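*Asks:* What follows is a structure written as structure tokens; I'll ask about it next.
The values are calculated or read from the model by the stated rules, or taken from the named source; none is laboratory data. Computed from a predicted model, the values in this text were never measured in an experiment. Glycine also receives a Cβ, built like all others from the backbone with ideal geometry; neighbour counts cover every protein chain displayed. Just the protein is used for accessible areas: all its heavy atoms, side chains included, with ligands, DNA and RNA removed. Shrake-Rupley method; radii C 1.70, N 1.55, O 1.52, S 1.80 Å.
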Amino acid sequence: DQQVKQNSPSLSVQEGRISILNCDYTNSMFDYFLWYKKYPAEGPTFLISISSIKDKNEDGRFTVFLNKSAKHLSLHIVPSQPGDSAVYFCAASALGGAQKLVFGQGTRLTINP
Amino acid sequence: ETGVTQSPTHLIKTRGQQVTLRCSSQSGHNTVSWYQQALGQGPQFIFQYYREEENGRGNFPPRFSGLQFPNYSSELNVNALELDDSALYLCASSLGAGEAYNEQFFGPGTRLTVL
């Protein structure tokens, strides 16, 4: 039962353009959503998050959009830079208790010069 | 401030053996979570320890067990290793548990290979 899904295993974008990574979830109990970035041989690094009471959160080049009715979130990176090349994981959590993170399968983003 | 560290970096075991993985939490953090990341998949929650007590468990069999020590470092033990246990094991530390989200900081992981 995959509660968080990232349907695109990979994405290739030209440097300077917008990168859009998508994520869908099924569990209505999730009330906090996060994006993590992972380089090889390193652990996931927190990128940006959004609470279920919001529909947008922006931090510099990164913006996360949440559509609760569609159970969909997306990460926009503008402009994309070569250092953004990594695997991106969408994760969700239900606040209270263990706050375990439920991750998607990841999307490998490649930024081409 | 020291980040989350894990040891060993890599480990090779044979089926049926037992393994212990170690994690040192980020300074000041009292909560540690363990995740298993199989090849090509996202991390899966194994369990969490908060102030030395198990605070939640994912869908993993009892042969996966853990400990948290008074200094909040942690161990993950896996008995009777199976080939499917081959994965990257990630430890994440955070401060507290409760209604507000507490950011989890991940270590670099231990790559376990079971032959």
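*Asks:* Label B:Thr5 and B:Gln18 with points 7 Å out from Cα along Cα→Cβ: what is the distance between them in nm?
*Replies:* Here the modelled spin labels are 2.6 nm apart.
*Asks:* OK, next. When only Cα pairs under 8 Å and 6 or more residues apart are kept, what is the percent relative contact order across chain B? Write down the numbers at each step before the final one.
*Replies:* On the way: 297 pairs, mean separation 42.1, N = 115.
Across chain B, relative contact order equals 37 percent.
*Asks:* Now, a different point. Report the antiparallel proportion of the DSSP beta bridges in chain B as a percent, rounded to a multiple of 5.
*Replies:* 90 percent
*Asks:* Right, next: List the trypsin sites (Lys or Arg not before Pro) within segment B:1-109 that DSSP assigns to loop and that have no more than 15 neighbouring Cβ atoms inside 10 Å.
*Replies:* When the trypsin sites (Lys or Arg not before Pro) of segment B:1-109 are filtered for loop state and at most 15 Cβ neighbours within 10 Å, B:Arg15, B:Arg51, B:Arg63 remain.
*Asks:* Another question, then. Which whole number gives the average count of other chain Cβ atoms within 10 Å of the Cβ atoms across peptide A:101-113?
*Replies:* Average per residue, whole number: 3.
*Asks:* Considering only protein heavy atoms, with the full assembly of protein chains and a 1.4 angstrom probe, order A:Asp84, B:Asp84 by accessible area, largest first.
*Replies:* Output order, biggest surface exposure first: B:Asp84, A:Asp84.
*Asks:* Loop sites only, by DSSP: take the GluC sites (Glu not before Pro) in chain B that have at most 15 other C-beta atoms within 10 Å and name the longest stretch containing none of them.
*Replies:* Result for the longest clean stretch: B:2-51.
*Asks:* Determine the per residue accessible area of chain A with all protein chains present and a 1.4 angstrom probe, expressed in square angstrom.
*Replies:* 48 Å²
*Asks:* Evaluate the charge dipole of segment B:6-100 about its Cα centre and quote only its size in Debye, nearest 20, assuming +1 on the Cβ of each Lys and Arg and -1 on the Cβ of each Asp and Glu.
*Replies:* 200 debye
*Asks:* I've got another one for you. Hey, got the average number of other protein chain Cβ atoms within 10 angstrom for residues in B:35-41?
*Replies:* 3
*Asks:* Which value, in debye to the nearest 20, gives the size of the charge dipole of chain A about its Cα centre, when Lys and Arg are +1 and Asp and Glu are -1 at the Cβ?
*Replies:* 80 debye
*Asks:* Okay, next question. Hey, in the GNM for chain B with a 10 angstrom Cα cutoff, which one of B:Gln68, B:Gln36, B:Gln18 fluctuates hardest?
*Replies:* Fluctuation is largest for B:Gln18.
*Asks:* Could I ask something else about it? Taking only protein heavy atoms and a 1.4 Å probe, what accessible area per residue, in Å², does segment B:5-109 have with all protein chains in place?
*Replies:* For segment B:5-109, the per-residue accessible area is 46 Å².
*Asks:* Shifting gears a bit: Once Lys and Arg get +1 and Asp and Glu get -1 on their Cβ, which of B:Asn71, B:Gly107, B:Leu11 lies farthest toward the positive end of the dipole of chain B?
*Replies:* B:Leu11
*Asks:* Next question, about the same structure. Kirkwood hydrodynamic radius of chain A from all distinct Cα pairs, in Å?
*Replies:* By the Kirkwood definition, the hydrodynamic radius is 14.1 Å.
*Asks:* So what are the ³J(HN,Hα) numbers for segment B:85-93, from phi and the Karplus equation (6.51, -1.76, 1.60; θ = phi - 60°), rounded to whole Hz, Gly and Pro as x?
*Replies:* With coefficients 6.51, -1.76 and 1.60, one gets 7, 4, 5, 8, 9, 10, 10, 9, 10 Hz.
*Asks:* For the protein assembly as shown, what proportion of DSSP beta bridges, expressed in % and rounded to the nearest 5, is antiparallel? List each step's numbers first, then the result.
*Replies:* Details: 71 of 80 bridges.
About 90 percent, rounded to the nearest 5.
*Asks:* Work out the length of the dipole vector of segment B:37-90 about its Cα centre, built from +1 on the beta-carbon of each Lys and Arg and -1 on the beta-carbon of each Asp and Glu, and round it to the nearest 20 debye.
*Replies:* Roughly 100 debye, rounded to the nearest 20.
*Asks:* Please work out the Cα convex hull volume for the protein assembly as shown and give it in Å³ per residue.
*Replies:* Considering the Cα atoms of the protein assembly as shown, their hull volume per residue is 123 Å³.
*Asks:* For B:82-92, what's the mean count of beta carbons from other chains sitting within 10 Å of each residue's beta carbon?
*Replies:* The mean count of partner-chain Cβ atoms within 10 Å per residue comes to 1.
*Asks:* Another one. Relative contact order of chain A: what whole-number percent is it, with Cα pairs under 8 angstrom and at least 6 residues apart?
*Replies:* 37 percent
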